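Input: a single structure, listed below in structure tokens.
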Amino acid sequence: MQHPMNFQIQWHDQLASTNTHLKDRLDSGAVLGSGTIIAAHEQTQGRGRQGRHWLAARDTNLTFSVFIRTECPPEWLPSASMAAAIAVAELMEARGLNPTLKWPNDVMVNGRKISGILAEIATGGIVIGIGLNVNMPDASHIDQPATSLLIESGQTHNLERLLEQLCGFLGRALEKWIAAGFGGIRRDWESRIPNLGQRVTVRDGDSTSRGTLEGFGEYGELRMRLDDGRLIQIWAGDLHQPR
Ligand code: BTN
């Protein structure tokens, strides 16, 4: 398949974490092309946001990381993972599902998480790690409401072909991001956000903010209107919506 971004996919049998593997190779001087993808059949110490673990059974879900060579400013990092979330959502749509996006970068189907993304600064650029639940038959062992392509569609999927297809969407979303940062993907992002204008809570460690989700700032940071009328910007945390 022709990818606009020249992705080169390297599959590994087992890695602790595809993000860590890519970052370590870059740190030790490896010269990797922009678009290098490291995918693992099994990840033993998958890392999630906020120091959490990411669980994925062997040959069941997609776990991979992509290196983008860039000198973008650090404020652009959050929107890189938003671009990746958009690509995953587009893949879900191509498979007949109706995903939504949850700030900062979760992809949800029927209110449950199907994909998580962890973007990190690396030597010479950024690493975007994507976990996508594919052939997981049951999600009850995950510590938050989760789902998979199999649970939602009743079908199993070939992981290598699915990654190839995802690369098409990823290439287009990342090219928009490279051209203009969050501005390049704002419309694709906002059109899949279900709770604009609604009351939300964001928790980050010990701090909790409650208010109305007004939208997103220049870099994809969340803009919240507090009850006292103040508008605040939030760069990290977990978003919750009261039922
Ligand atoms: C999250 O939702 O907390 C982010 C999860 C990111 C998981 C992926 S799986 C591939 C890559 N390697 C890792 O160790 N983490 C990311």
Practice task
Output yes when any residue across region 143-150 is β-branched (Val, Ile, Thr) and buried (at least 23 other Cβ atoms within 10 Å of the Cβ), and no when none is.
Solution key: no
Fill in the blank from the handout: Checked region 15-27 for anything assigned to a helix (DSSP H, G or I), within 12 Å of the ligand (Cβ to nearest atom), touching a Ser or Thr at 6+ places or on another chain (Cβ under 8 Å) and over 18 Å from GLU164 (Cα atoms); matches are ASN19, HIS21, LEU22, LYS23
Exercise for the section: Check ALA30, ALA40, ALA56 and return the single one that is of a type outside the set (D, E, K, R), in contact (Cβ under 8 Å) with a residue 60 or more places away in the chain and either away from the ligand (no atom under 12 Å from the Cβ) or over 26 Å from ALA180 (Cα atoms) (or both). Expected result: ALA56
Practice task
Could you check, for region 124-137, whether at least one of its residues is in contact with a Pro (Cβ under 8 Å, 6 or more places away or on another chain), more than 24 Å from GLN233 (Cα to Cα) and of a type in the set (A, V, I, L, M)?
Solution key: no
Exercise for the section: Considering every residue within region 132-141, establish whether at least one is of a type in the set (A, V, I, L, M), surrounded by 22 or more Cβ atoms within 10 Å (Cβ to Cβ) and closer than 17 Å to ARG49 by Cβ. Expected result: yes
Problem - Every residue from region 59-73 that is among the aromatic types (Phe, Trp, Tyr) and near the ligand (Cβ under 9 Å from one of its atoms) - result: PHE64
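Quick check, is LEU163 within 20 Å of MET5 (Cβ to Cβ), surrounded by 13 or more Cβ atoms within 10 Å (Cβ to Cβ) and modelled with pLDDT of 95 or more?
Working: within 20 Å of MET5 (Cβ to Cβ): yes; surrounded by 13 or more Cβ atoms within 10 Å (Cβ to Cβ): yes; modelled with pLDDT of 95 or more: yes.
Here the answer is yes, as LEU163 does meet what is asked.
Would you confirm whether or not region 62-85 contains a residue that is under 15 Å from ALA146 (Cα atoms), modelled with pLDDT of 95 or more and buried (at least 22 other Cβ atoms within 10 Å of the Cβ)?
Kept after step one, since they are under 15 Å from ALA146 (Cα atoms), are these residues of region 62-85: 62.
Remaining after also requiring modelled with pLDDT of 95 or more: 62.
Now restrict to residues that are buried (at least 22 other Cβ atoms within 10 Å of the Cβ): 62.
Yes, there is a match, as at least one residue in region 62-85 is under 15 Å from ALA146 (Cα atoms), modelled with pLDDT of 95 or more and buried (at least 22 other Cβ atoms within 10 Å of the Cβ).
The values are calculated or read from the model by the stated rules, or taken from the named source; none is laboratory data. Please read all numbers here as calculations on a predicted model, not as lab measurements. So basically every Cβ, Gly included, is an ideal-geometry build from the backbone, and we count neighbours across all protein chains shown.
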